[in-house]
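Here's the structure we're looking at; comments come further down.
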Amino acid sequence: MYSLAHAVISLLVAFGVVIGGDPTVNPALAVGYGVALGVLIDLDHFLLSWVIGDSVGPLKRVLRRPWVVATDPGSIFEEGDLGPYHRLISHVVIAGAVVPAVWLVVDPFLGTLSAAVLYAHLLADLIADLRTFETVPR
């Protein structure tokens, strides 16, 4: 799933949490935080591409032409740069660390917001990936 779709999903989820909760920070800042978190969690893809695929190509492509993030996100990663399982597992690890850390160190409301946004991000990735996942018969 691409950044724009994650931004829209994160916006809707963050807005819902702000409306349904009791924000301890400015509501606009809370929504902005939620959108940023929902999009920026995907920066792990560049690290994974480097560690697993031994490729810094995606990072070079974005640094050379930053507008591709919005105009042609499908051109950033090539086949084999990173796998869906590694990407999803890293999101779970990141969410598992970020949510309690934000809850305990920063603010419980922002921890709840982080949990909702990252859950929606991961769920959206899983649903989008259902099109390409292959099942292995037992």
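Of all the residues that make up the stretch 18-35, how many are part of a helix (DSSP H, G or I) and either acidic (Asp, Glu) or closer than 17 Å to residue 123 by Cα (or both)? Give the derivation first.
As a first pass, look at the stretch 18-35 and keep what is part of a helix (DSSP H, G or I): 18-20, 27-35.
Subset that is either acidic (Asp, Glu) or closer than 17 Å to residue 123 by Cα (or both): 34-35.
Summing the residues that are part of a helix (DSSP H, G or I) and either acidic (Asp, Glu) or closer than 17 Å to residue 123 by Cα (or both) in the stretch 18-35 gives 2.
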Conditions first: (1) of a type outside the set (A, V, I, L, M); (2) under 22 Å from residue 4 (Cα atoms); (3) more than 14 Å from the chain's Cα centre (by Cα). Residue 109 passes all but one, so which condition is the exception? (2)
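Checking the structure you have, find out if any residue of the stretch 72-88 is assigned to a helix (DSSP H, G or I), among the aliphatic types (A, V, I, L, M), crowded, with 17+ Cβ neighbours inside 10 Å and on the phi < 0 side of the Ramachandran plot. So that I can check it myself, show each step before the final result.
Step one: filter the stretch 72-88 for residues assigned to a helix (DSSP H, G or I), giving 73-75, 84-88.
Still in the running and among the aliphatic types (A, V, I, L, M): 88.
Of the ones still in play, those that are also crowded, with 17+ Cβ neighbours inside 10 Å are none.
No, the conditions are met nowhere in the stretch 72-88.
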The conditions are (1) assigned to a helix (DSSP H, G or I); (2) modelled with pLDDT under 90; (3) buried (at least 18 other Cβ atoms within 10 Å of the Cβ), and residue 47 fails exactly one of them. Which is it? (3)
Between a first residue in the stretch 38-53 that is in contact (Cβ under 8 Å) with a residue 40 or more places away in the chain and a second residue that is surrounded by 20 or more Cβ atoms within 10 Å (Cβ to Cβ) and among the hydroxyl-bearing types (Ser, Thr, Tyr), which pairs have beta carbons less than 8 Å apart while being 6 or more apart in sequence or on different chains? 38/10
In the stretch 54-97, what residues are more than 24 Å from residue 127 (Cα to Cα) and touching a helix residue (DSSP H, G or I) at 6+ places or on another chain (Cβ under 8 Å)? 55, 56, 57, 59, 61, 62
Matching option when the condition is assigned to a helix (DSSP H, G or I) and either exposed (fewer than 14 other Cβ atoms within 10 Å of the Cβ) or of a type outside the set (A, V, I, L, M, F, W, C) (or both), among 112, 132: 112
Is it the case that residue 25 is in contact with a helix residue (DSSP H, G or I) (Cβ under 6 Å, 6 or more places away or on another chain) and surrounded by 14 or more Cβ atoms within 10 Å (Cβ to Cβ)? no
Would you check which residues across the stretch 53-66 are closer than 25 Å to residue 117 by Cβ and either in contact with a Leu (Cβ under 6 Å, 6 or more places away or on another chain) or not in a helix (DSSP H, G or I) (or both) and list them? 66
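The values are calculated or read from the model by the stated rules, or taken from the named source; none is laboratory data. Since the model is a prediction, treat every value here as computed from it, not as a measurement. Methodologically, a virtual Cβ is constructed for each residue, glycine included, from the backbone with ideal geometry; neighbour enumeration extends over all protein chains shown.
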